[in-house]
Every structure is written in structure tokens, then in C-alpha cells.
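Only one structure is covered here, and it is reproduced in the block below.
Just so it is clear, none of the values below were taken in a lab; they were calculated from the coordinates. Remember, it's a predicted structure, so these values are computed and weren't measured experimentally. Note that each Cβ is placed from the backbone with ideal geometry, even for glycine, and that neighbours are counted across all protein chains shown.
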């Protein structure tokens with residue numbers, strides 16, 4: 001993680017946030033992309049795509065197996 005933010009892992013569940021913003025959970029990672037949950041709404045973001053997830057824009061750069069690389073920025 002680069003920039004200001006925080007991440008946590010609890011009982012196999014991973015969450016993160018930018019700065020002091022709300023947490024977003026990673027709900028699934030697969031070869032096609034990553035699913036995130038924010039404020040009770042789940043959003044699937046395909047590899048190579050950008051989507052709004054809660055108050056953030058998330059770009060999934062790569063996803064394969066159980067690993068993913070993505071970029072998160074606050075939506076304005």
C-alpha cells in the first residue's frame with residue numbers, strides 16, 4: 001500500500017480505506033477481476049476496468065487466482 005490509508009485483516013476478511021475514509025472489503029478475487037463491498041453494496045470490477053465502489057474509484061490492474069493488484073483513489 002502506498003499513500004495514506006489503512007488495511008486490516010480479520011478472520012480471513014480483508015478491508016482497506018483511503019486516509020480516514022470508510023472501509024471497503026475485498027469479497028472475492030478471481031482470474032476475471034475482484035469483488036468489493038462498501039456500505040452493504042457489492043461491486044465486481046473486471047481486470048483492466050475502473051468502477052465506483054462507495055466513495056472510491058477502483059481500477060483492477062491484474063487479478064489471477066487468489067492475488068490481485070488494484071489502485072484506489074477517492075471519487076470526486
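Key figures for this structure:
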{"read-out": "Residue 76-residue 7 pseudo-label distance in nm [points 7 Å out on the Cα-to-Cβ vector]", "value": "2.5"}
{"read-out": "Tensor-based shape of the chain (alpha-carbon gyration tensor, a/c under 1.5 rounded, otherwise prolate or oblate)", "value": "rounded"}
